[in-house]
Structure formats: structure tokens, C-alpha cells
Amino acid sequence: MAENIRKREEIEERYKWDLTHIYPSDEAWKEAYDRAAENIARISAYDGRVAEDPKGAIRTWQALIDEITPVYDYAFLRKETNNADSTAQGMKDQALRLYVTATTAGAFLQPELLAMPEEELEALMKDPEMKDFDATLRAVLLAKPHTLTKEEERLVAMMGEVAEAPDAIFTSLTEADLHFPSIRMPDGTEQELTEGNYSSFIRAEDRDVRRQAFQNIMNTYGAYGNTIAATYGASVKKDQFMALSHHYDTARQAAMKPLEIPEKVYDNLIDVIHEYLPVLQDYLQLRKKLMGLRELHLYDLYPPMVKGYQMDLPYEEAFDLVLEGLKPMGEDYLAKLREAREGRWIDVYPSIGKSSGAFSDGSLRTVHPYVLLNHNNNLDSAFTIAHELGHSMHSFYSNAAQPSAKSDYSLFVAEVASTCNEAVMQRYLMETLKEPEARAFLLNHRLEQFRTTCFRQTMFAEFEKISHEMAQEGIPLTKDSLSEAYLKLNETYYGETCVIDPEIAWEWMRVPHFYRAFYVYVYATGLCAAVSLSERILTEGSRATADYRKFLSAGCSVPPIEALKMAGIDMASPEPIRKAMDVFRETVKNMHEVTGV
Ligand SMILES: [Zn+2]
């Protein structure tokens with residue numbers, strides 16, 4: 001593979017993004033950098049004086065951030081296309097230092113705003129002159145009852161490094177110290193097993209390879225179970241300490257309230273996913289039959305159930321397919337996608353030194369989003385185009401409609417626009433592709449997306465809820481108590497169809513997300529919202545796309561739940577989760593039909 005990767009100079013210009021839209025040259029970037037560096041002094045001038053002129057302080061801060069963002073992004077994007085370019089690396093490091101210097105210089109702003117009387121903050125939020133900043137001020141008001149006195153906050157801040165210790169210990173353990181027994185391959189050779197390559201071994205066609213990968217990983221974690229339980233237990237207690245000391249009732253409330261997400265969103269998700277566990281069993285039964293297994297073990301869940309299907313899709317064809325598939329999104333949406341392609345927003349092909357993966361950078365409000373791809377001439381890559389451009393369109397519409405202080409969309413909806421595009425594409429392909437192999441391949445992909453995102457992440461969310469409740473009730477968080485809780489969850493989710501291999505009890509020990517509590521549920525709610533939205537767009541047409549445009553344009557001007565309501569999706573109710581789960585049920589049914597099993 002590696003020898004096929006081209007040098008960047010060998011790739012046609014029109015397949016590379018054009019950073020001159022940000023700055024015409026590195027010299028122009030340097031000038032902008034110098035100006036921004038000088039302007040940091042403007043915000044420093046407000047230190048200790050925010051209450052005297054809060055409007056000036058807030059505006060000055062936003063202006064500085066608006067000035068630094070393109071400086072940082074230009075350097076960052078430039079480096080992404082060639083990580084071996086030391087000039088680009090140097091520019092990026094320099095830009096990062098500029099950003100850190102600015103945020104350090106402006107660190108007084110938030111605490112000084114929080115120290116202002118509530119009535120003054122409210123008046124400021126309602127002041128027409130400050131309309132562009134009402135969301136910023138709403139967040140300050142929301143945080144105010146959870147802010148301590150200056151002296152207390154100083155003490156808590158001093159605890160900061162200690163509070164980060166569980167995460168740091170976990171990272172050192174898993175990234176540096178832990179080693180896993182290697183895998184005996186069918187040809188007799190041994191292959192090293194790491195967290196990085198586990199996902200390819202657990203998808204292996206050879207069952208013994210999968211079994212070894214599963215057991216070697218889980219048992220190794222299990223052997224360090226007391227240490228990891230103590231580490232995770234400390235993390236849960238840290239969550240509790242931070243929450244209670246800031247006048248929240250629970251750690252979950254502390255995680256959700258600042259994002260303005262009602263806690264019932266979390267509980268609804270768990271309840272509805274439980275309602276649909278029988279559909280998951282149907283899927284698992286189907287998997288068992290298609291794989292021709294007498295028993296379905298937990299290490300049999302990841303390999304494809306059907307033979308690989310390859311569709312040769314060079315970039316231009318893949319993009320045309322995306323345009324065709326996303327037609328239901330409306331003509332102006334499609335026009336923007338074409339503009340992204342022709343206007344060189346996208347860096348298409350892999351090249352030597354370029355970063356792997358794909359992303360959309362939507363923070364350049366006055367330019368346009370940029371998209372990094374590593375196009376691979378297959379169907380997965382076509383889905384990646386649809387996904388990343390979904391992010392780009394969300395950024396594009398929000399940037400166009402909102403002032404910069406309100407253009408960033410919330411984490412809660414971060415994956416909605418991207419996965420909505422994927423869902424619309426999926427429908428289109430199911431209608432147009434006729435070969436059973438192609439349809440089975442698509443359905444397999446979709447079913448796994450539902451299982452790993454909706455079911456697995458919800459199970460994780462449930463584990464976090466349980467572990468934090470245990471801590472609240474004073475139940476010691478030990479290797480045994482936590483593993484027992486995790487094993488029970490696996491029995492609930494998979495037990496009816498699968499053999500619950502005992503090693504699964506240790507799996508919670510390897511999940512890094514647990515050190516950032518009450519976050520994984522967003523993956524599941526995001527996919528459910530996106531699937532519900534795509535159904536609405538496909539059935540209701542232009543009325544739905546007009547509403548969808550309102551959601552895309554909302555940025556963070558309203559809480560994320562309200563933004564989704566504009567598109568007709570009420571995540572405070574269980575309905576969108578049910579709707580998405582009904583699509584899952586239908587997908588299982590389609591897979592039965594296509595495979596005749
Ligand atoms: Zn994404």
C-alpha cells in the first residue's frame with residue numbers, strides 16, 4: 001500500500017484545498033500573527049475592570065478570538081497536509097502558543113463576569129446592543145449559582161492537577177505500561193496485539209484469532225483490575241466532589257445542566273433502548289445464522305456477516321453519487337456541496353506525510369469550512385464524503401446566520417448533520433443498488449452502526465450511571481463490584497442470544513471515555529436524532545428540509561434541544577429514539593429478506 005501513496009506535488013491542484021482563501025501567503029499569515037499578538041494587550045487592559053465596562057470586555061475578547069482563529073487554522077491546516085514539513089510544524093506551534101497566551105491573558109473575564117450581580121447580568125443579556133452575546137451571557141447566568149467565592153474557587157483550582165490524576169494514571173497504564181500476549185496466527189506466526197490493532201483482530205475472519213484477541217485483551221486488564229478499579233473509583237469520586245462542591249445534586253446533573261440538556265434525555269435513551277432489546281436479539285440471531293455458528297460468542301460480534309462487497313468509486317464518481325443521494329436535502333444545500341467541490345474546500349487524496357482519517361474544520365466563519373479526506377475509491381469513502389460535508393454544511397449555515405459568539409454548535413448535536421447525511425445516502429443506495437451482495441453489505445454496515453452506537457454506547461451510559469449511583473450510596477467501587485455491574489449489563493443486552501464469556505466482566509476497564517463522565521450517551525442520542533431527521537426529510541420533503549435548514553443555521557443561539565425542535569425532533573421525548581429504533585427493526589427485517597435467512 002505505502003508505495004502507492006503519492007507525493008503531494010504529484011496531485012493535481014484542484015484536488016487540494018486552497019488555503020490562499022485564508023491568507024494569500026505565509027508572509028500575510030505572519031503579518032496577521034504579529035497583529036494578533038499585539039492585540040492581546042487590548043484584553044489585558046480589562047483585567048480587574050470587567051464590571052466597569054462589561055460590554056467592552058466581552059466585545060474585545062470576541063474580536064481577539066476572531067482574529068486568532070484564522071491564524072491558528074491556517075497554520076494547522078497547512079501542517080495537516082505534510083506533517084514532515086518543519087516550517088508548517090513551526091508555524092502551528094507558534095500559533096498554538098499565541099492561542100494559549102491569549103486565553104491565559106483573558107482568563108479573568110469569566111470569573112469577573114460571574115462575580116457581577118445577577119440583575120446586572122440579566123440586564124446585559126437583554127440589552128439590544130448585546131444581542132450577539134446573549135447566549136454567552138445566558139451561559140454565565142446558568143453557571144452563576146454553581147460558582148463559589150473567589151477563595152473557594154482558588155482552592156478548587158489548586159486541586160485541579162490532583163483531579164486530573166485518575167485520567168493521567170489510566171492513560172500511562174494503557175498507553176505505556178500495559179502489554180498484551182501476542183496472537184498466534186493461522187500460519188503459525190505470532191503477531192503483536194495492541195489497543196491500536198485490536199479492532200482489526202476482533203473483526204478477523206478466523207475465529208480463533210478473534211477469540212485470542214478478545215481473551216488476551218480482557219484478561220490482561222483483569223490482571224490489573226484492582227489498580228484500575230482504584231483509579232476509576234477515584235475518578236468517580238472526583239466527579240462527585242466537583243459536582244457537590246459546586247452545588248449540583250449529582251455528577252450527572254453537573255455534566256448535563258451547563259449544556260442545557262434535561263436529564264430525562266439520558267433516562268429516556270436507556271428506557272427506549274431496553275424496550276428494543278428484543279430487536280437486538282433478532283439481529284444477533286440473524287448474525288449467528290449468517291456466520292454459521294452454533295454459539296454466538298461476544299468475540300463474534302464484529303466481523304462482517306456477509307462477504308465483502310467492493311464497488312470501485314473514484315473520487316469524482318463518489319462525489320456524484322453523494323450529490324445524487326443527497327438530493328432530498330434541497331437545491332441550495334446541493335449548490336453548496338458543489339461549491340465545496342469546485343471551490344477547493346476539500347483536500348482529497350492521501351499523500352506522503354498527510355494526516356490520516358478525515359475531518360471538517362468549520363471555524364473559519366468569514367472564509368468557508370475545509371475538509372480533509374483520504375479518498376480510497378470505495379463505498380466507505382463515499383460515505384465519508386457525505387459525513388464530513390454534513391459537518392461542513394452545519395458550520396456553513398450556522399456561520400452564515402449567526403454572529404461569531406453564537407455560531408459554534410453544541411457537542412450534543414455535533415454528529416447530527418453528518419450522520420443525517422449518511423442515513424439519507426443509505427436510503428438512496430438501498431433504492432438504487434440491486435445486487436443482493438451490495439444490499440447485504442450496506443445493511444451489515446447499517447446494523448453495526450446501530451449496534452455499536454445506539455446499543456453499546458447506551459450500555460456504557462448505563463454503566464456510568466450505575467457506578468456514580470454506587471458511589472453516591474456509599475457502595476465501595478472495587479474490581480468485583482464494578483465488574484459484577486458490567487457483567488450484568490452484558491447479560492441484559494446480549495445474554496438471551498450470546499454466550500456471555502466471563503472475560504467480558506473486565507471490559508469496562510479499557511474504556512477511556514469513562515474518565516470523562518456522562519458524555520458517551522451523546523453518540524447514541526446523536527445517531528437517533530439523525531435517523532429520525534432523515535426519515536422526516538425523506539417522507540415530508542420541502543417542509544422538512546426548510547425546518548432542517550433552521551436547525552443547521554441555529555449554531556448555539558438556542559439550547560441544542562431547542563435547535564433540534566426547529567427541525568421537528570424533540571429529544572426531550574422518547575419519540576425520536578423510538579423512531580430510530582423502528583428503522584433498526586426495519587433494517588433487521590431487510591437483512592432477513594436480502595439474505596433469505
Ligand atoms: Zn463526524
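The values are calculated or read from the model by the stated rules, or taken from the named source; none is laboratory data. Just so it is clear, the model here is predicted, and its values are computed rather than measured. With ideal geometry, Cβ positions are generated from the backbone for all residues, glycine too; neighbour counts draw on all protein chains shown. For accessibility, only protein heavy atoms count, side chains too; no ligands or nucleic acids. Shrake-Rupley method; radii C 1.70, N 1.55, O 1.52, S 1.80 Å.
At a probe radius of 1.4 angstrom, the accessible area of the stretch 344-471 per residue rounds to 29 square angstrom.
For Leu284, neighbours were defined as the other residues whose beta-carbon sits under 11 Å from its Cβ, and their charges (Lys and Arg +1, Asp and Glu -1) total +1. Taking the protein heavy atoms of the chain in the context of the full set of protein chains, the accessible area attributed to carbon and sulfur is 52 percent at 1.4 Å. Each peptide among 516-528, 18-30, 496-508 gets the average number of other Cβ atoms lying within 10 Å of its residues, and from highest to lowest they stand as 516-528, 496-508, 18-30.
Per-residue ellipticity at 222 nm from helix content only, as computed over the chain with -39500 (n - 2.57) for each DSSP H run of at least four residues, stands at -19500 deg cm²/dmol. Summarising the strand pairing of the chain, around 50 percent of its internal DSSP beta bridges are antiparallel.
The residues neighbouring Met425, those whose beta-carbon lies less than 12 Å from its own, together hold a net charge of -1 under the Lys/Arg +1, Asp/Glu -1 convention.
Ratio of Rg to Rh for the chain: 0.96 [Cα atoms; Kirkwood radius as inverse mean 1/r over pairs].
Per-residue Karplus couplings for the stretch 126-142, computed as 6.51 cos²θ - 1.76 cosθ + 1.60 with θ equal to phi - 60°, are listed in order as 8, 4, x, 5, 9, 3, 5, 10, 4, 5, 4, 6, 4, 5, 5, 4, 5 Hz, Gly and Pro entered as x. Using the Karplus relation 6.51 cos²θ - 1.76 cosθ + 1.60 with θ = phi - 60°, the per-residue 3J(HN,Hα) values for the stretch 368-383 come to 5, x, 10, 10, 9, 10, 9, 5, 10, 6, 9, 5, 4, 5, 5, 5 Hz, with x marking Gly and Pro. First select every other residue whose beta carbon is under 14 angstrom from the beta carbon of Arg338; then total the charges, Lys and Arg +1, Asp and Glu -1. Once all neighbours under 14 Å are counted, the net charge is -2. Here is the list for the stretch 398-436: trypsin sites (Lys or Arg not before Pro) lying in DSSP coil, each with at most 10 other C-beta atoms within 10 angstrom of its C-beta, are Lys434. If a spin label sat at a point 7 angstrom from the Cα of Asp132 along the line to its beta carbon, the backbone N atoms of the stretch 546-579 nearer than 18 Å would be those of 554-558.
What is the stretch 10-166 by shape, rounded, prolate or oblate, if you read a ≥ b ≥ c off the alpha carbon gyration tensor as root eigenvalues and call it rounded for a/c under 1.5, prolate for a/b larger than b/c, and oblate otherwise? Judged from the Cα gyration tensor, the stretch 10-166 comes out prolate (a/c at least 1.5, a/b above b/c). In straight-distance terms, cross-link reach from Lys264 covers every one of the lysines whose alpha-carbon lies under 26 Å from its own, apart from those fewer than eight places away in the same chain; here that gives Lys144, Lys237, Lys238, Lys406, Lys465, Lys488, Lys550, Lys565, Lys579. The equivalent ellipsoid of the stretch 224-343 has semi-axes of 40, 30, 17 Å, largest first, where each one is the square root of 5 times an eigenvalue of the Cα gyration tensor. Each peptide in 110-117, 134-141 gets a packing score, the mean of other Cβ atoms within 10 Å over its residues, and the list from highest to lowest is 134-141, 110-117. Karplus-based coupling profile of the stretch 277-290, in residue order and whole Hz: 4, x, 5, 4, 5, 4, 4, 5, 4, 4, 4, 4, 5, 4, with θ = phi - 60° in 6.51 cos²θ - 1.76 cosθ + 1.60 and x standing for Gly or Pro. Across the chain, C-alpha contacts under 8 Å between residues 6 or more apart give a mean separation that, scaled by the residue count, equals a relative contact order of 19 percent. Full extension of the chain between Asn4 and Thr171 yields a length gain of 56.7 nm, computed as 0.36 nm times the residue separation minus the alpha carbon distance.
Within the stretch 1-135, what is the number of lysine pairs with alpha carbons under 18 Å apart, leaving out pairs fewer than eight places apart on the same chain? Lysine pair count for the stretch 1-135: 8.
Entry comment: accessible area of the stretch 254-330 is 42 Å² per residue, from protein heavy atoms only and a probe of 1.4 Å.
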